[in-house]
Each structure stands twice: as C-alpha cells, then as structure tokens.
1. Mind checking which of Phe71, Phe131, Ile170 is farthest towards the positive end of the chain's charge dipole, using Cβ charges of +1 (Lys, Arg) and -1 (Asp, Glu) about the Cα centre?
2. Using Cα centres only, tell me the gap between segment 136-155 and segment 1-80 in whole Å.
3. For Asp230, what residues show an amide H to amide H distance below 5 Å, using hydrogens built from the backbone and excluding near sequence neighbours?
4. Per-residue HN-Hα couplings for segment 50-67, Karplus 6.51 cos²θ - 1.76 cosθ + 1.60 at θ = phi - 60°, whole Hz, x for Gly and Pro?
5. Give me a comma-separated list of calculated 3J(HN,Hα) values for segment 87-93, in order, Karplus coefficients 6.51, -1.76, 1.60 applied at θ = phi - 60°, integers in Hz, x for any Gly or Pro.
6. Add +1 for every Lys or Arg and -1 for every Asp or Glu among the other residues with Cβ under 14 Å from the Cβ of Asn232, and state the total.
7. If you take the Cα Rg of the chain and divide it by 2.2 N^0.38 Å, with N the number of residues, what do you get?
8. By its C-alpha gyration tensor, with a ≥ b ≥ c as the square roots of the eigenvalues, how is segment 34-97 shaped: rounded for a/c under 1.5, else prolate for a/b larger than b/c, else oblate?
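The values are calculated or read from the model by the stated rules, or taken from the named source; none is laboratory data. Here the structure is a predicted model, which means the values were calculated and not measured. As a convention, Cβ positions derive from the backbone with ideal geometry for all residues, glycine included, and neighbour counts pool all protein chains shown. Please note that ligands, DNA and RNA were not included when accessible areas were found on the heavy atoms of the full protein model with its side chains. Shrake-Rupley method; radii C 1.70, N 1.55, O 1.52, S 1.80 Å.
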Amino acid sequence: MLKVHNLRKRFGGVKAVDIDDISFEQNQLTSIIGPNGAGKTTFFDLISGFTEGDEGKVFLNEKNITNSQPFSIARQGMVRTFQLTKVFDRMTVIENMMFSGSNTKNDSLFRSLMKLSTQKNNENLIREKAFEIMKDLNIDHMADSYARELSGGQKKLLELGRSIINDPKILLLDEPLAGVNPKLAEEILSIIQKLSDQGITIIMVEHNIEAVMKISERVIVLAEGSVIADGNPEKVRKDPKVIEAYLGSGNE
Ligand SMILES: Nc1ncnc2c1ncn2[C@@H]1O[C@H](COP(=O)(O)OP(=O)(O)OP(=O)(O)O)[C@@H](O)[C@H]1O
Ligand SMILES: [Mg+2]
C-alpha cells in the first residue's frame, strides 16, 4: 500500500533518514519507535510531502508520490498529524473540524457545479459528520470553545478528529499520546485501535513503549535514520540491538 525506496535526507552532517526499503501493509497497525533524533518525524515529513528528500522514492498504492504536495497526498488518502499539534487556536473546535471537512476533493467540484442550496446541504452534512466524530472523541461538549482553551490532550483529540473527517486510508500519527495524561492516553489508544478496526491503515510514532507493544501488529525501530529492527512486538522487544539502542538508553 505504501512503499519507500532508498529514502535519504541529511541535515548538514546529520543523516536524518537513511532507509533502503520499507513497505506497509494495508490495514496493519504499525508503530515506529526509536530514540530522540532517530529520524521518525523526518520520515513522516518525507512521505507526507512536508520535506523534500535528497534521494529516494515514495509510492502510495503503486503511484509515485515522491515530492508531491501535502494536500495532494492527503487527497489521495494519506493524512498525518503533528508531534506539536497544529490546530487553529483562534477558531472554535467545530470550526476547526469543518475547516478540514470542507477541504475535500468534492469541494471545488460541488462549488462549481452545484447550486447554493446544495452547498448549504453539503455544509450541513459536514457539520453532522464533524459532530459525530467529536462525539466519538468526547469533545462535542467543547464544540463552541476556542481551540486555545483546550487542554493538550483535547488538542490531540481535535487534531485526530480533523485528520479523520475526510475518511483517510492511511493515518500517520506523530506521537499521539505525548504530553497526555494516562487516562486520556488510554482513551486515545482505544480510539486508534477502533480506527484500525474500521480499516484505516495506521502508522504511529510513539515513545510510550507500553502502549506501542500493546496495540501494534508491527514495530519498526529507527536509530540514526536507519531501520535496526522490524517485526512483531514480541520479536522487537527481545532484539538485543533494540535494547541497546533504545530500550536500555533511558529514552522512554
Ligand atoms: N529542519 C531541520 N534542520 C536541521 N536538522 C534537523 C531538522 N529536522 C530534523 N533535524 C535533525 O534530524 C535528526 C532527526 O530528527 P527527527 O525530528 O526526525 O527525529 P525524531 O526521531 O522525530 O525525534 P523525536 O523523538 O525527538 O521527535 C535530528 O538529528 C534532528 O536534529
Ligand atoms: Mg519526532
């Protein structure tokens, strides 16, 4: 479903990403772990079009999407969230949701082809869908609050909500549990599990090893830009390279 080949990115002397080949299976929940600076976020930046690589190719459903624009990649069904949330602080929660919802590929089409009444209809549909998602995420009671009034964890939920309103096929989640209290982390984790059960392919970067081991079907370990281990959680947990590079380093 998603494949990368010879993907490399340097920042000065630092090899941020240096990956020969990885592919991701449809409907699998994969986590990417690794110490700080291992290149996890840069990997997401490269495959989602936010950074241009020095070398390499990215394929989404056999289609070459290397260096495509983020919005174009999102329209093709691969959507990401950010380590530092990117919600619009000065918009309300529902406005944030609807802003993402109106960004669909149907939008320009319906705008140009349909009448005003249909537009209104469409807006109502997006609103309905936004409320449905907000309810699932337990932020519907905050609909009219400004995003800046949300807690860190609620912002993570809002970003997750925005990322799923257009029915993505692949979700890239960059540290969805970071800075979130344990109870909310548990909730977010079960939402991620549910999205996976609904058929969304999920690739998650996370430092919370316990959560990763619990939820993932596959774990990929990056260190200094390269893959040092890849397999099911049990296998990866026991890998001496992983223990040395990551689990033993106090980086959790
Ligand atoms: N824009 C940039 N300019 C210069 N160096 C960068 C830039 N972005 C990342 N780097 C460097 O590339 C390397 C990989 O960084 P990256 O943010 O991808 O790591 P990470 O695995 O996401 O780390 P963390 O777990 O701390 O989020 C690091 O050495 C980092 O300092
Ligand atoms: Mg990162």
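1. Phe71
2. For segment 136-155 versus segment 1-80, the Cα centre distance is 30 Å.
3. Val221
4. 8, 9, 8, x, 7, 7, x, 10, 10, 10, 10, 6, 6, 9, 6, 10, 3, 6
5. Result, rounded to whole Hz: 7, 8, 4, 8, 10, 6, 4.
6. Details: positive: Lys214, Arg218, Lys235, Arg237, Lys238; negative: Glu25, Glu217, Asp230, Glu234, Asp239.
Summing Lys/Arg as +1 and Asp/Glu as -1 gives 0.
7. 1.04
8. Numbers: a/c = 2.74, a/b = 1.40, b/c = 1.96.
Since a/c reaches 1.5 but b/c is at least a/b, the shape of segment 34-97 is classed as oblate.
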